[in-house]
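> Shown below is the structure under consideration.
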Amino acid sequence: MRTLLALIFLLFSVQATAAPYPPVSVQVRAEQVAEHSYTIPGLAGAASVENEGFMSNAGFVVTKAGVVVFDTLGSPSLAWEMLQRIREVTTVPIKRVIVSHYHADHYYGIQVFKDAGAEIWAHEDGKNVVGSEDWKLRLEQRKELLGRWINDKTQRFPTPDLWLSGATDFELGGMHFRIRHVGPAHSPEDLVMFVEEDGVLFAGDLIFKGRVPFIGDADSGLWLNALDKLIALQPKVLVPGHGGASVDPIGDLTLTRDYLKYVREQMGRAVENLVPFDEAYARTDWSKYEKMPAFIEAHRRNAYNTYLLMERESLAK
């Protein structure tokens, strides 16, 4: 009888916590990086069926009064797994989610945490992203690539509870958080989160550790300025948007900085000498970066968009 009751209880528990989203096969784990701070480390490379869209980092901070989450991964299914990892660490409520920026791999899981009772905070420049034509195009691309996990039945985008306009500090459960708007850089709305007691900086996509960053349409000159703001925070630990957590923040800040500088220098020289992009790209020595993850997926576009940016900068002089 006891065995039967135990079996019934187990079945009820499994049903009660069953994922409401299509399952993923990738391992979503929590890695502690300081006393109160954790990261959810994504896989290398660009989004693909193989990695199920799990190619960026997220994180969370546990306080006595609740959990603060930084980014929500690239699908509701991944976010659900992240929520389970948080629940393995603590039962305190999820109080707040900080959205670093509105790129798919960082916030497509936002509904999971909204449903869990969290407040969503994001920078007000995100208002210009959600619902735009470019946003719709990216959503359709994600549906085509990752349709099992991202589709009209699984995906929705709750509006943030608070749109931030700049620097915001808050305290929760004795922990002190500094939210800083460092965009426009990787995106116009870039937010970072510094956890004072842990010395941990959640940097979003300002930093791509160990892989080629995705520049996209970003202004790399402004991005370089944003990196100076991160250095000024003097973090002990840095959690980048991509790649493992770093206990050598300055070194990893330097890697991203040097890549941006090199692409700007090479494409700027080509523009100055009126060399067409294809010729300039073929002539340039990219060997320092070509073995890095995401080089094939991101680098040529990075170079081309930087070439166009340097053209605009030259005309503005």
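> Enumerate the strands (runs of 3 or more DSSP E) found wholly within the range 54-116, keeping only those where 1 or more residues are closer than 23 Å to T154 by Cα and in contact with a Lys or Arg (Cβ under 9 Å, 6 or more places away or on another chain).
67-70, 94-98
> When you scan the range 208-221, do you find a residue that is modelled with pLDDT of 95 or more and of a type in the set (A, V, I, L, M), even just one?
Looking for residues that are modelled with pLDDT of 95 or more and of a type in the set (A, V, I, L, M), one finds none in the range 208-221, hence no.
Residue by residue, here is whether (1) among the small types (G, A, S); (2) more than 20 Å from the chain's Cα centre (by Cα) holds:
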| position | (1), (2) |
| --- | --- |
| A116 | yes, yes |
| E119 | no, no |
| A122 | yes, no |
| L137 | no, no |
| R178 | no, no |
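> Could we say that D228 is among the acidic types (D, E), closer than 29 Å to I179 by Cα and surrounded by 14 or more Cβ atoms within 10 Å (Cβ to Cβ) here?
no
> Cβ-Cβ under 6 Å, sequence separation 6+ or interchain: first residue in the range 278-291 and closer than 15 Å to R264 by Cβ, partner among the aromatic types (F, W, Y) and at pLDDT below 95. Which pairs?
These pairs meet every condition: Y289/F295.
> Which count do you get for residues in the range 62-76 that are over 16 Å from the mean Cα position of the chain (by Cα) and in contact (Cβ under 8 Å) with a residue 60 or more places away in the chain?
Residues meeting the conditions: 4.
> Restricting attention to the range 16-42, and to residues there that are in a loop (DSSP other than H, G, I, E, B) and of a type in the set (V, I, T), which single residue is farthest from the chain's Cα centre (by Cα)?
Result: T17.
> Can you run down the residue pairs with Cβ atoms below 8 Å, 6 or more apart or on separate chains, where the first is in the range 162-176 and over 18 Å from K64 (Cα atoms) and in contact (Cβ under 8 Å) with a residue 12 or more places away in the chain and the partner is among the acidic types (D, E) and in a strand (DSSP E or B)?
L162/E119
> While we're here: Of K229, K236, K261, which residue is under 20 Å from the mean Cα position of the chain (by Cα) and more than 27 Å from G74 (Cβ to Cβ)?
K236 is the lone residue from the list that is under 20 Å from the mean Cα position of the chain (by Cα) and more than 27 Å from G74 (Cβ to Cβ).
> So which residues in the range 193-230 are among the β-branched types (V, I, T) and under 24 Å from V97 (Cα atoms), if there are any at all?
V195, V200, I207
> Could you grab the pairs with beta carbons closer than 8 Å, sequence gap of 6+ or different chains, first residue in the range 239-262 and free of Cβ contacts under 8 Å to residues at least 24 places away in the same chain, second one surrounded by fewer than 23 Cβ atoms within 10 Å (Cβ to Cβ)?
From residues that are free of Cβ contacts under 8 Å to residues at least 24 places away in the same chain, the pairs are V247/K236; V247/V237; I250/I231.
> To continue, here is another question. Any idea how many residues of the range 263-283 are assigned to a helix (DSSP H, G or I), loosely packed, with under 13 Cβ neighbours inside 10 Å and of a type in the set (A, V, I, L, M, F, W, C)?
1
> Quick test for you: out of T154, T159, pick the one residue that is surrounded by 14 or more Cβ atoms within 10 Å (Cβ to Cβ) and part of a loop (DSSP other than H, G, I, E, B).
T154
> Any residue that is assigned to a loop (DSSP other than H, G, I, E, B) and either touching a His at 6+ places or on another chain (Cβ under 6 Å) or under 30 Å from Y304 (Cα atoms) (or both) - is there at least one of those in the range 223-241?
Among the residues of the range 223-241, not one is assigned to a loop (DSSP other than H, G, I, E, B) and either touching a His at 6+ places or on another chain (Cβ under 6 Å) or under 30 Å from Y304 (Cα atoms) (or both), which makes the answer no.
The values are calculated or read from the model by the stated rules, or taken from the named source; none is laboratory data. Keep in mind that what you see is a predicted model, and the values were worked out from it rather than measured. Cβ coordinates were reconstructed from backbone atoms using ideal geometry, including for glycine residues, and neighbour counts include every protein chain displayed.
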